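Working notes, structure below.
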Amino acid sequence: MIDCHYLEPTTVSEACALLAEHGDGAKVVAGGQQMSLLLRNGLIQPSHLISIQHVSGLEDIAESADGVTIGAKVTLNRLIGVDNAHPTLRALSRAVEDVADQQIRNFATLGGAICEAHPASDINVVLSTLNASVKLVSASGERVVSIDDFVTDAFATAVRPGELLTEVVVPSFDLTSAAAAYRRFVLRAGDYSVVGVGTFVSLDGAGSCQDVRIVVGNCSGTPAQAQEAEGRLKGHNIVGNNALADAGDLAAAHVAPSGDPMASSEYKIDLVNVLTREALAEAVALATG
Amino acid sequence: MKYPLSLTVNDENYDVLVEPYHTLMDAIRDGIGLTGTKCACEDGRCGTCTVLIDGQLVKSCLMLGLQANGKSVTTIEGMGSPDALHPLQAAFLEHGAVQCGYCTPGMLLTAKQLLDENPSPTEEDVRSAFVGNLCRCGVYTHATEAILSIAEEKEDR
Ligand SMILES: Cc1cc2nc3c(=O)[nH]c(=O)nc-3n(C[C@H](O)[C@H](O)[C@H](O)COP(=O)(O)OP(=O)(O)OC[C@H]3O[C@@H](n4cnc5c(N)ncnc54)[C@H](O)[C@@H]3O)c2cc1C
Ligand code: FES
Ligand code: FES
């Protein structure tokens, strides 16, 4: 084991200065729910751990006309029920209820969940469905990156050495005509999803689909947009006909998941079909209801 | 590089030295020597290492020791003793909710937290509280009965 230092900045600028100073050897610790495993098992050997536990200003949830801003340190348990105050976060709040277990959700942060970039992450699928973006701050400035651009591969992100993820922005949408939903499948409660599908639909009064987003999780390294399925829906009437079933078929036809000990590739493909239909039906019901 | 870690465990203060990569579980078991907190999977899946930090449940293998610096920890040793069992411990014994006993410390802390937050849980509440506590012997039904029996006793009073 190399010598490892543990630093506890109290402000974002202090944290960024430490990250800049220690470069590649520095790693951020938020809730530690993944970091503790990586460190204890020697899978990573950073020279400096920058704990953001005492960094202030990263725990707020605020809504403006543009959308809801969620601080990176907001814990997953705090997101459960957050849709009471911020209804556009309904799909996120419901999805988080089933993430891991209460022990993990007590300390796991939203920023950590995003940065972990687990291929089976439910959170990144929901955030992609909601067109969310993240703010990255460094000693030399800040930038905003969409979740789709941020998650680059399994366990890989666009975060650069020296950058801290400070907040997530979920854009607002018209709750009277649009809605989002998320469906996941697990074999045992508390497991990572075998497959998860997020959907967003926006309808006009006649049931014609103005906008749609379908995002599939755990069938490749990153959340994957089901463009063919979206194409079947956008601009078409999708209420009271077989459009949603067609979209399920198309989403399934365009994924190529590898099998694992929990589920074969064929099984996952079937799940994509079923979960896409279910999540679309839920979003449509909410958007028309 | 070792750092001082100061913890209040079951109302007693402890000062130990830990490496940044040591988990809270390492600090409690190896640093302080309280081995009631069990270690099974070491990767966050089983919940045998569950303790309370400032009243919040945590899997102690999933947190660095230094993250808990200055905090108050409750382990199974703080719940009751062989001479003075916590009511939940007595109920677990009475309902046969212990087989090999490996999951029991974590189960009991989860049960304690559940009743502290919600003194009259439904069966469904109890079962979903155990999502993060695996029992390979399968005592869930008996543990659920034990917890519900305590909740009922409280209601009768
Ligand atoms: C047993 C288990 C089951 C799980 N099940 C699920 C599940 O079903 N669905 C799901 O979606 N997730 C699941 N997770 C993942 C869990 O949500 C994440 O591990 C957790 O949210 C990580 O957050 P953390 O704050 O603890 O991050 P940490 O462990 O502290 O950090 C994780 C990573 O993010 C980096 N990081 C953290 N915060 C920042 C920041 N602000 N800026 C830059 N980098 C940062 C760290 O350097 C590290 O690389 C599970 C995890 C476990 C252990
Ligand atoms: S030893 Fe911590 S969850 Fe299994
Ligand atoms: S009693 Fe044996 S693991 Fe639960």
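The values are calculated or read from the model by the stated rules, or taken from the named source; none is laboratory data. Bear in mind the structure is a predicted one, so any value in this text is a computation, not a measurement. Cβ coordinates were reconstructed from backbone atoms using ideal geometry, including for glycine residues, and neighbour counts include every protein chain displayed. Remember, those area values only see protein heavy atoms, side chains included, never the ligands or the DNA or RNA. Shrake-Rupley method; radii C 1.70, N 1.55, O 1.52, S 1.80 Å.
Can you confirm whether residue A:55 is in contact with a helix residue (DSSP H, G or I) (Cβ under 8 Å, 6 or more places away or on another chain), of a type in the set (A, V, I, L, M), facing chain B (nearest Cβ under 8 Å) and on the phi < 0 side of the Ramachandran plot? No; evaluated as a whole, the condition is false for this residue. When we screen A:121, A:133, A:138 for residues that are more than 16 Å from ligand 2 (Cβ to nearest atom), under 23 Å from residue B:132 (Cα atoms) and open to solvent by less than 30 Å² (accessible area, probe 1.4 Å), the only hit is A:121. Residues in the range A:141-184 that are crowded, with 16+ Cβ neighbours inside 10 Å, closer than 30 Å to residue A:17 by Cα and under 16 Å from the mean Cα position of the chain (by Cα): 13 in all. Note on the range B:82-106: residues that are in contact (Cβ under 8 Å) with a residue 40 or more places away in the chain and buried (at least 18 other Cβ atoms within 10 Å of the Cβ) total 10.
Of all residues in the range B:114-123, those being open to solvent by less than 20 Å² (accessible area, probe 1.4 Å) and outside any loop (DSSP other than H, G, I, E, B) number 1. Give the range B:124-157 a look and list any residue that's modelled with pLDDT of 95 or more, open to solvent by less than 60 Å² (accessible area, probe 1.4 Å) and assigned to a helix (DSSP H, G or I), or say none. B:125, B:126, B:129, B:130, B:131, B:132, B:143, B:144, B:146, B:147, B:148, B:149 - these are the residues of the range B:124-157 that are modelled with pLDDT of 95 or more, open to solvent by less than 60 Å² (accessible area, probe 1.4 Å) and assigned to a helix (DSSP H, G or I). Evaluated against (1) out of contact with any Leu (no Cβ under 6 Å at 6 or more places or on another chain); (2) buried (at least 19 other Cβ atoms within 10 Å of the Cβ), residue A:195 falls short on exactly one condition, (1). Total residues in the range A:3-49 satisfying the condition of being among the hydroxyl-bearing types (Ser, Thr, Tyr) and within 8 Å of chain B (Cβ to nearest Cβ): the figure is 2.
Put simply, of B:101, B:96, B:138 the only residue that is within 16 Å of ligand 2 (Cβ to nearest atom) and outside the structural domain of residue B:9 (by TED's automatic domain parsing) is B:101. Counting only strands (runs of 3 or more DSSP E) wholly contained in the range A:41-158, the ones carrying 1 or more residues that are more than 16 Å from ligand 3 (Cβ to nearest atom) and farther than 25 Å from residue A:227 by Cα occupy A:48-51, A:61-63, A:67-71, A:133-138, A:141-146.
Of the residues making up the range B:35-48, those that are facing chain A (nearest Cβ under 9 Å) and either crowded, with 24+ Cβ neighbours inside 10 Å or within 23 Å of residue B:117 (Cβ to Cβ) (or both) are B:44, B:47.
Checking each residue in the range A:245-284 for being part of a helix (DSSP H, G or I) and open to solvent by 60 Å² or more (accessible area, probe 1.4 Å) picks out A:249, A:253, A:266, A:267, A:270, A:274, A:277, A:278.
Every residue, every condition in (1) within 15 Å of ligand 2 (Cβ to nearest atom); (2) assigned to a loop (DSSP other than H, G, I, E, B), yes or no:
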{"position": "B:73", "(1), (2)": "yes, no"}
{"position": "B:82", "(1), (2)": "no, yes"}
{"position": "B:92", "(1), (2)": "no, no"}
{"position": "B:110", "(1), (2)": "yes, no"}
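Pairs only if they're at least six apart or on different chains, beta carbon under 7 angstrom, first in the range B:14-40 and of a type in the set (Phe, Trp, Tyr), second within 15 Å of ligand 2 (Cβ to nearest atom); list them, first residue then second. Correct list of pairs: B:21/A:39; B:21/A:40. The set of residues in the range A:19-28 being over 11 Å from residue A:164 (Cα atoms) and either in contact with a Gly (Cβ under 8 Å, 6 or more places away or on another chain) or buried (at least 20 other Cβ atoms within 10 Å of the Cβ) (or both) consists of A:23, A:26.
Every residue, every condition in (1) away from chain A (no Cβ under 12 Å); (2) in contact (Cβ under 8 Å) with a residue 40 or more places away in the chain, yes or no:
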{"site": "B:108", "(1), (2)": "yes, no"}
{"site": "B:116", "(1), (2)": "yes, yes"}
{"site": "B:119", "(1), (2)": "yes, no"}
{"site": "B:131", "(1), (2)": "no, no"}
{"site": "B:140", "(1), (2)": "no, no"}
{"site": "B:143", "(1), (2)": "yes, yes"}
{"site": "B:146", "(1), (2)": "yes, yes"}
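Flag: residue B:117 matches the condition of being of a type in the set (Asp, Glu) and under 19 Å from residue B:76 (Cβ atoms). If only residues of the range A:72-92 that are within 14 Å of the chain's Cα centre (by Cα) and within 25 Å of residue A:35 (Cβ to Cβ) are counted, the one that is nearest to ligand 1 (Cβ to nearest atom) is A:72.
Looking only at residues in the range B:7-31 that are surrounded by fewer than 20 Cβ atoms within 10 Å (Cβ to Cβ) and part of a strand (DSSP E or B), the one that is farthest from the other protein chains (Cβ to nearest Cβ) is B:12.
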